[in-house]
Amino acid sequence: MNAFRLLASAAAAAALAAATAACSAASLGTAIADGRSAASASAQPSQPADPGQVKEVHSPSRVTVDEQLPAGHCRARAVDAAAGKYLPDHACTPGAVDPAVTQATIDSTICRAGYTASVRPSSAAMAQVKAESLREYGESASATTEYDHLVSLELGGANSVSNLWPEPNRTGATGTTNPKDAVENALHRAVCAHTVTLAAAQTAIAHDWTTALHVLGL
């Protein structure tokens, strides 16, 4: 009987040890898998900032440097390179609007002739920050690259680095005129005709100017 008990006890101990080893292996496997998942996630490029997080910056006639980023940190995204349809890196250029331009003030601001000229910074001031933005976007200076306001001045956009980006142009372009200009003009007309709200136009163009007119039914 004692021998039988000893054998039973030994068998139970062996089973317990095996179960413990299996549990440890499973835990280790889970930890490795979790580690791999975390490493994989960290290896992915940073996701764009929420386009809804458009900043508010009041800087008429001057450029506010509200962010500074490492060289090559940003990348423009080609939607249709041949047609000149590029989007900024929203993590670097989320867009910014002037809080002085509201739905209540559009008739005395953006819908008034000469408004954009009254708030646009000088070419010299723009050139200084454009060089830095080109470095951040990993781009070279080009006669066809527009230093673009993501939310255009005619829609109440701000003169801030968070709203400015070096916009590449279409293949074969000879100047800075690009397809986004027509979208900006169409949105401006709709806002001033009171068929689209200012906020809706600003959000649509900050999110994706290539789809803004479709999204707003224009």
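Could you work out how far the C-alpha centroid of region 182-216 sits from that of region 51-82, in angstrom? About 19 Å separates the Cα centre of region 182-216 from the one of region 51-82. Label zone (Ala143, point 7 Å along Cα-to-C-beta; backbone nitrogen cut-off 14 Å) within region 150-177: 172-177. Over region 55-215, the reciprocal of the mean inverse Cα-Cα separation, the Kirkwood hydrodynamic radius, stands at 15.7 Å.
Within region 176-210, name every residue whose backbone N is under 18 Å away from a label modeled 7 Å from Cα of Arg77 along the Cβ vector. Under 18 Å, as judged by backbone N against the label point of Arg77, lie 180, 203-210 of region 176-210.
The numbers here are math on the coordinates, done by the rules we state, and not lab data. Not measured: the values here are computed from a predicted model. Every residue, glycine among them, receives a Cβ derived from its backbone with ideal geometry; neighbour counts consider all protein chains shown.
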